[in-house]
Structures are given as structure tokens and as C-alpha cells.
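The next block holds one structure in the form of C-alpha cells; read it before the comments.
The values are calculated or read from the model by the stated rules, or taken from the named source; none is laboratory data. As the structure is a prediction and not an experimental result, all values here were calculated from the model. Don't worry about glycine lacking a Cβ; one is built from the backbone with ideal geometry, like all the others, and counts go over all protein chains shown. Just so you know, the surface numbers come from the protein's heavy atoms only, side chains and all, with ligands and any DNA or RNA stripped out. Shrake-Rupley method; radii C 1.70, N 1.55, O 1.52, S 1.80 Å.
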Amino acid sequence: MARWNIVLLAALLGLTLAVPASAQWKWRDKAGHTQYSDLPPPPGTPESAILQRPRGGSTAAAPRAPMAAAAPASAASAALPPAARASDPELEARRKKAEQEIADKKKAEEDRIAAARAENCGRAKEALRTLDSGIRMARVNEKGERVVLDDAARAAETKRAESAVASDCK
């Protein structure tokens with residue numbers, strides 16, 4: 001007899017735990033993917049795309065109505081100017097902080113690019129001074145051999161250094 005009570009209790013517990021699983025929504029989104037959720041699909045989802053609703057009369061209609069009512073309110077607030085939407089000072093402070101962080105990151109990136117450009121400018125000017133000085137210069141070729149620059153190679157290097165100066169030293 002005790003065994004039957006345990007089996008009955010386990011079956012009852014299993015059914016009780018399975019009840020929330022029946023309150024699931026299933027629908028296809030705009031991309032055609034099947035979505036599962038305990039919340040109703042977003043407003044604007046056509047009825048033909050809803051594949052499964054939670055069981056029970058009141059649970060199916062009740063959650064969907066507030067979502068539909070919330071959509072026009074958010075659309076109306078989006079049409080308002082930013083000053084009218086920002087009634088919460090904490091939200092406005094967070095938005096300004098996020099904008100400031102983005103501006104700081106952009107400024108830091110611009111500073112980094114400017115520093116790299118200034119360094120490249122200095123190197124190009126130094127290379128141009130060295131090439132104009134007339135001293136003998138050598139380069140290592142692809143075979144690893146040291147090759148002294150002749151007049152044509154020196155002219156090519158001078159042209160390359162001049163274009164680097166023109167592009168980086170503005």
C-alpha cells in the first residue's frame with residue numbers, strides 16, 4: 001500500500017511540475033525561425049504566425065492585451081522630442097554618461113591616430129634627410145644579401161619618403 005502512495009504522489013508531483021510547461025507560446029518570427037516563450041509574441045505578429053498558445057481562456061488573452069496597449073504608448077513617446085521623453089533624471093544622467101563615454105573613446109582614438117601620424121611624419125622626414133645627405137645607404141634584399149642603393153633605388157626611396165611626408169605631415 002505504501003508503494004502505491006509513493007507512485008501516486010510522484011505522478012501528482014510530475015503533473016504539477018508539468019503545468020507551467022503548458023503555458024508556452026510558439027510562433028514564427030519575420031525571419032521564419034520558430035520562437036518559444038512564456039511571454040506572448042511581440043505586437044504586430046500576425047495571427048497566422050502563432051503556432052501554439054497557452055492552454056486556458058484567460059491566460060491566452062490577458063498577457064497579449066497589455067503588450068498591444070504598450071506599443072502605441074511607446075510609439076507616441078518616440079514621436080516626442082528628446083526633452084519631453086526624458087522625464088526621469090536618472091535615465092537622463094545615464095544617457096548623458098553613455099554619450100560622454102562614446103565621445104571620450106572617439107577622442108582617444110583620434111589622439112592615438114594623430115600620435116601615430118606624427119611619429120610616421122618624423123620618421124619620413126628623417127629618412128628624407130638621410131637620403132638627401134648623400135651618404136651611402138644599403139638595404140637587405142629578399143635573399144638576405146646587403147645591397148648598396150644606386151641612384152635609381154635612391155630616387156625611388158626619396159619619392160616614397162616624400163609621399164609619406166606629404167600624407168602624414170599635414
Residues located in the range 145-167, provided they are assigned to a loop (DSSP other than H, G, I, E, B) and open to solvent by 60 Å² or more (accessible area, probe 1.4 Å): GLU145, ASP150
Verdict on ALA31 being among the hydrophobic types (A, V, I, L, M, F, W, C) and either at pLDDT 60 or above or not in a helix (DSSP H, G or I) (or both): yes
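Quick grid of which residues meet (1) open to solvent by less than 60 Å² (accessible area, probe 1.4 Å); (2) in contact (Cβ under 8 Å) with a residue 24 or more places away in the chain; (3) out of contact with any Cys (no Cβ under 9 Å at 6 or more places or on another chain); (4) outside any helix (DSSP H, G or I):
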site	(1), (2), (3), (4)
GLU99	no, no, yes, no
ILE102	no, no, yes, no
ASP111	no, no, yes, no
ALA116	yes, no, yes, no
ALA124	yes, yes, no, no
ILE135	no, no, yes, yes
LYS143	no, no, yes, yes
Residue match in the range 83-92 (condition: part of a helix (DSSP H, G or I), open to solvent by less than 70 Å² (accessible area, probe 1.4 Å), aliphatic (A, V, I, L, M) and modelled with pLDDT under 65): yes
